[in-house]
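The values are calculated or read from the model by the stated rules, or taken from the named source; none is laboratory data. This structure is a prediction, so every number in the text was calculated from the model and none was measured. We place every Cβ from the backbone using ideal geometry, glycine too, and count neighbours over all the protein chains shown.
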Amino acid sequence: MTQIQFNNALLGLQDKLHYYALSLTADQERANDLLQETFLKALTYRNKFKQNTNFKAWIYTIMKNTFINDYRKNVKMRNTLDRSHNAIHLKGSKDKVYPGPDSFYNFREINKSIHALESEYRIPFTMFLDGYKYKEIAEKLDLPLGTVKSRIFFTRKKLEKTLSDYAVQ
């Protein structure tokens with residue numbers, strides 16, 4: 001394919017590529033930028049195009065890969081450190097929710113209720129909350145697996161009754 005044929009084929013796809021870019025970006029300006037970058041890459045890597053292959057598919061692949069690479073780059077940039085104004089800020093979500101005073105009170109009350117349990121229920125339950133598996137708890141406490149499961153189950157039920165005022169509505 002000669003340079004002129006290549007350029008004509010590329011320009012012939014311009015409208016369809018623009019619609020495809022719009023479908024990817026959902027923004028007119030970004031779609032125009034993506035189209036321009038796709039054209040630039042196609043012209044730059046013209047020698048990589050193989051004769052007797054699907055030109056349209058080759059161009060669409062360039063656009064799709066360019067979009068994906070830009071998306072990944074933008075995600076990385078949002079998760080990097082910002083050193084502006086002599087302070088380091090993590091670029092992240094601006095709508096973080098911080099616990100209120102009532103959350104700390106509720107947490108304290110829940111812990112009191114757990115620690116008020118008999119040790120035969122409290123110990124397996126706290127181990128479970130700490131991330132131990134049923135089998136690990138059974139081995140450490142030298143109890144049958146079924147006993148551990150039932151104690152944790154009954155502890156949950158006791159705590160549900162005791163802490164019914166703190167249930168999420």
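Taken over segment 14-29, the criterion of being assigned to a helix (DSSP H, G or I) and farther than 10 Å from Phe67 by Cα is satisfied by Gln14, Asp15, Lys16, Leu17, His18, Tyr19, Tyr20, Leu22, Ser23, Gln28, Glu29. Test Arg83 against the stated conditions and say whether it is charged (D, E, K, R) and either loosely packed, with under 10 Cβ neighbours inside 10 Å or at pLDDT 90 or above (or both). Against the criterion (charged (D, E, K, R) and either loosely packed, with under 10 Cβ neighbours inside 10 Å or at pLDDT 90 or above (or both)), Arg83 qualifies. Can you confirm whether Tyr60 is surrounded by 15 or more Cβ atoms within 10 Å (Cβ to Cβ) and either at pLDDT 90 or above or outside the structural domain of Asn7 (by TED's automatic domain parsing) (or both)? So Tyr60 passes the test. Under the condition of being among the hydroxyl-bearing types (Ser, Thr, Tyr) and exposed (fewer than 11 other Cβ atoms within 10 Å of the Cβ), the residues counted in segment 25-57 number 2.
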